[in-house]
Amino acid sequence: MESVRVERATKASRFFALFAVALLATLIAMPWWGDAGEMRLVGEMAYYVALAQLWNLLAGYAGLVSVGQQAYVGLGGYALFYLTGVWNMNVYLALLLAGPFAGLMSIPVSFAVFRLRGAYFAVGTWVVSEVFALFASLIAVLGAGSGLSLTPAILREISSDRDVRDTILYLMSLTISVVVFAVVYFLLRSRHGLALTAIRDSEPASASLGVNTFRTKFIIYIVTAACTGVIGGLIFLQKLRISPEAGFSINDWTVVVIFMVVIGGIGTLEGPFIGMLIYIVLRELLADYGTIYLMLMGAIAIAVMLKAPSGIWGWVVHRYDIQLFPVGRRLALAPADSSKR
Amino acid sequence: MDWINILIQGGLLGGFYALFAIGLSMSFGIMRLVNIAHGDLIVLAAYVGLVATWYTGLDPFSTLAIVVPVMFALGYALQRGLLNQTLSGGLLPPLLVTFGISIIIQNGLLQGFGAYDHRLQEGSIETASLHFPGGLSVGVYPLVVFAVATLAIASLQFLFYRTRLGRAFRAVSDDADTAELMGIDNLKLYALALGIAMIFTALAGVLFGIRTIFAPLSGPIRLILAFEAVIIGGLGSMWGTLVGGMVLGLAQAVGAALDPTWQILAGHLAFLAILIVRPSGLFPRTRD
Amino acid sequence: MTLLRTQNLSAFYGDFQALFGINVTVEQGETVAIIGANGAGKTTFLRAVAGAIESAPEMVVFDGQPIGDRTPHEIVRLGIAMVPEGRRLFPSLSVEENLLLGTHSERTGPWNLKRIYELFPRLYDLRHLPAPSLSGGQQQMAAVGRSLMSNPRLLLCDELSLGLAPVVIRDIYQCLGAITAEGATVVLVEQDINRALDASARFYCFQEGHLALTAPVKGFDRAAITAAYFGV
């Protein structure tokens, strides 16, 4: 008699896990083989992937298509600058608190925007972000329109040596990116992830099966806001100054992130990586031609949405049925136990 | 006394916001499509007007004779060629495709015109005002635009309720599947709808471009203002959108009177307040 | 002459197959009944003919022309009209506006507003009321009238009797006689077997997407029909 067991990993995912570990080791060693410019770029890639994973979790799994996540980038950044600059808090502690601060702020926001659905929800989140930006530009202690700068003292807290500082910031970027990815990955592997996948596939059906869709979405919204806040703190720690326009910039933090996820493959863990790579390649290649690379990404996103809505990775899965990050469950037939006969 | 003038000014501002909102409202009412590029299309119309003034030497009002047909054709082509394909895929495709179009328009304008502010000059009407006894003063230009907005909505109501085409629009809005089974060419109708919506978008772009400066990235704020006017007024009601625009304008006027830098924020806060207290808006009508 | 012929018509909803190789013919001037239980594929069949479901071009042939891949509005213009299941009148429109909607196909023929009101006199008094305020029977009449306004050569009626009282159903089927007298060819889909068979010359019985039985109505054993209906 055959029995079945539930498997998580696939052959492809096992191979990929080895590759991923090797890649991660290489990146961690970068301070020793790369220069400051390269580290900065990889650091940027790391935080963009993190932002993309979070947006993917929100939109691709929980069905909350938010065009206002830049609010939490800005809130995290401003929290960091305020806590270190005005309260003289330790920079690492401030960075850690930026997350919960953004998460806390997302709670009243959700009361307003969760009343809207679909595209209206999207624009509503955008309005909320604009409101935060406007407040930031009006509050004197936050530097009003011109924003705040990081004082040299705060930088010295990290290290007085510039190279060491670059290394630390780079490793922090990498760490936060890996942590965010781990959070998303384990969330999707868990029962909550199963609930999310059910919601992604069909919200009414999952609700009818007892999945508390509202509470699930609410929790996801807060968690992603908090994680986005930490990333925001890190981004502006590296940029050394923050202003309402930069902190809450939809173009910098939302437009490119959405394009990455959509082109790479929405609703998949692999998609954001692919989308981020395409973005970076396009941006670096077309750097001399102004913002043409953005127009190109827009055009590609449109083409993907019309012809291959599940993105590049979605197409790969459809053709080859591969999953590199094992979040699914497969039924495997176990061989008959001969001793039973 | 000054407060009355401020309130009048705010109310008349509603005319602009209503003009902004008409195109968005039509798109959603007939095609169930929220056009994220709507604000950028308003700005694009202003740029078309600008270029028209450069090449023809005409004043902005007269360039409408060029801008309106151009925007109509653009809307028709956009819906027919691109947006019609997004309608059957659920929520994401229309949102993301119009988002992509928005980015393309913004950056295209940036590449073409640079990051400079522009304004359309119509002359003395911009600052003229009517004076009434008691210190009451009303700007002529805002009054004209408010009249245009009112006329626009009235003509749309006439179109929807007194014409054959309007009947078809209402039928498709009610039940697109059955409308098709009755012999209506839905895709062509949607294209026509966006074309007509763009007529009002053209008006909005040029008329607002006379009042305020515009730049390639001015689209998003116009989308947000249009959106707020529609939500405050209530989905599905054109006259409601006019009232929504006026409420928005009033909130902004009050905010600006307290402190000029609070103008836009005051509008946003009024929107959020209404969203929390009365989410379906002041005069909701749509079956969703 | 054969007005409608389906050849090996198969239809899918996504991956789910709803029709398996259906062969149906309808002669000009005939009234044909399609009967079967819920889920048998009757409505799917009508929708495939009307163009709402896509199929291969030669699977549906109308007046000699393959129309399987045409869009619904093109098919209305060719002369096929459907009275949808559940009436589906447009709620924002008045009764008369609903009727006028039938003219968007721009076909000419014997049917116009005046004739429709002659056929359904009660509708004339109600004509300016919003469609949802009518009773079920009145709505059904309005729905039939709306489809007639496109002057179809072939009228597809999906469950005319659905949710209506017997006396109302009787009235509607009486009007059907007047319609066919004008030369319209009618395909009737019904769960109420007796009604459908009384009004038709031939019938097809569907069962789970397959054609289970077809025969002339006259003289056919109703017990055999019941067996085919339930797939016994």
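Residue count for region B:102-120 satisfying the condition of being loosely packed, with under 14 Cβ neighbours inside 10 Å and either in a helix (DSSP H, G or I) or in contact with a helix residue (DSSP H, G or I) (Cβ under 7 Å, 6 or more places away or on another chain) (or both): 2. In region A:93-101 there is no residue that is within 14 Å of chain B (Cβ to nearest Cβ), over 20 Å from A:N251 (Cα atoms) and surrounded by fewer than 20 Cβ atoms within 10 Å (Cβ to Cβ).
Just one of the numbered conditions (1) polar (S, T, N, Q); (2) buried (at least 19 other Cβ atoms within 10 Å of the Cβ); (3) within 20 Å of A:G311 (Cβ to Cβ) is not true of B:Q79: (3).
Would you check which residues across region B:135-182 are outside any helix (DSSP H, G or I) and more than 14 Å from chain C (Cβ to nearest Cβ) and list them? Let's see the steps before the verdict.
Residues of region B:135-182 outside any helix (DSSP H, G or I): B:135-139, B:163, B:175, B:182.
The answer is B:G135, B:L136, B:S137, B:V138, B:G139.
Residues checked against (1) in contact with a Phe, Trp or Tyr (Cβ under 9 Å, 6 or more places away or on another chain); (2) modelled with pLDDT of 90 or more:
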| residue | (1), (2) |
| --- | --- |
| A:S110 | yes, yes |
| A:A136 | yes, yes |
| A:G147 | yes, no |
| A:A153 | no, no |
| A:V164 | no, no |
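Per-residue answers, yes or no, for (1) within 14 Å of chain A (Cβ to nearest Cβ); (2) assigned to a helix (DSSP H, G or I):
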| residue | (1), (2) |
| --- | --- |
| B:P220 | yes, yes |
| B:L225 | yes, yes |
| B:E228 | yes, yes |
| B:L235 | yes, no |
| B:A257 | no, yes |
| B:F271 | yes, yes |
| B:I276 | yes, yes |
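In region B:185-218, what residues are in a helix (DSSP H, G or I), aromatic (F, W, Y) and over 14 Å from the mean Cα position of the chain (by Cα)? Passing the criteria: only B:Y190.
Specify which of the listed residues (A:Q238, A:Q323) is more than 16 Å from the chain's Cα centre (by Cα), modelled with pLDDT of 90 or more and of a type in the set (S, T, N, Q).
That would be A:Q238, the only listed residue that is more than 16 Å from the chain's Cα centre (by Cα), modelled with pLDDT of 90 or more and of a type in the set (S, T, N, Q).
In region A:112-145, the residue that is farthest from the other protein chains (Cβ to nearest Cβ) out of those that are among the small types (G, A, S) and in contact with a strand residue (DSSP E or B) (Cβ under 9 Å, 6 or more places away or on another chain) is A:G143.
Within region A:229-236, one or more residues are assigned to a helix (DSSP H, G or I), farther than 29 Å from A:R115 by Cα and aliphatic (A, V, I, L, M).
Specify the residue that is farthest from B:I274 (Cα to Cα); the eligible residues are those in region B:245-255 that are buried (at least 22 other Cβ atoms within 10 Å of the Cβ) and within 14 Å of another protein chain (Cβ to nearest Cβ). So, considering only residues that are buried (at least 22 other Cβ atoms within 10 Å of the Cβ) and within 14 Å of another protein chain (Cβ to nearest Cβ), the one farthest from B:I274 (Cα to Cα) is B:Q252. Among the residues making up region A:123-154, those that are free of Cβ contacts under 8 Å to residues at least 12 places away in the same chain and among the aliphatic types (A, V, I, L, M) are A:V131, A:L138, A:I139, A:A140, A:A144, A:A153. Scan region C:188-232 for residues that are in a helix (DSSP H, G or I) and of a type in the set (S, T, N, Q) and jot them down. Hits for region C:188-232 are C:N194, C:T226. In region C:70-125, the residue that is surrounded by the most Cβ atoms within 10 Å (Cβ to Cβ) out of those that are of a type in the set (A, V, I, L, M, F, W, C) and more than 19 Å from C:Q140 (Cβ to Cβ) is C:I80.
Of the helices (runs of 4 or more DSSP H) lying entirely inside region C:51-165, the ones with 2 or more residues being among the hydrophobic types (A, V, I, L, M, F, W, C), more than 28 Å from C:A37 (Cα to Cα) and free of Cβ contacts under 8 Å to residues at least 60 places away in the same chain are found at C:95-101, C:113-119, C:121-126.
Among the numbered conditions (1) of a type in the set (G, A, S); (2) under 19 Å from A:A122 (Cβ atoms); (3) assigned to a loop (DSSP other than H, G, I, E, B), the only one that A:A9 does not meet is (2).
Kindly evaluate C:V186 against the criterion of being β-branched (V, I, T) and surrounded by fewer than 16 Cβ atoms within 10 Å (Cβ to Cβ). Quick ask: steps written out before the conclusion?
On the way: β-branched (V, I, T): yes; surrounded by fewer than 16 Cβ atoms within 10 Å (Cβ to Cβ): no.
It is false that C:V186 is β-branched (V, I, T) and surrounded by fewer than 16 Cβ atoms within 10 Å (Cβ to Cβ).
Note on region B:121-130: among residues that are surrounded by 11 or more Cβ atoms within 10 Å (Cβ to Cβ) and small (G, A, S), the one that is farthest from B:S62 (Cα to Cα) is B:S129. The numbered conditions (1) more than 9 Å from every other protein chain (Cβ to nearest Cβ); (2) under 19 Å from the mean Cα position of the chain (by Cα); (3) not charged (D, E, K, R) are all true for C:Y117 except (2).
Within region B:78-101, the set of residues being free of Cβ contacts under 8 Å to residues at least 24 places away in the same chain, outside any helix (DSSP H, G or I) and more than 7 Å from every other protein chain (Cβ to nearest Cβ) comprises B:L82, B:S88, B:G90.
The values are calculated or read from the model by the stated rules, or taken from the named source; none is laboratory data. Owing to the predicted nature of the structure, the values given are computational and were not obtained by experimental measurement. Methodologically, a virtual Cβ is constructed for each residue, glycine included, from the backbone with ideal geometry; neighbour enumeration extends over all protein chains shown.
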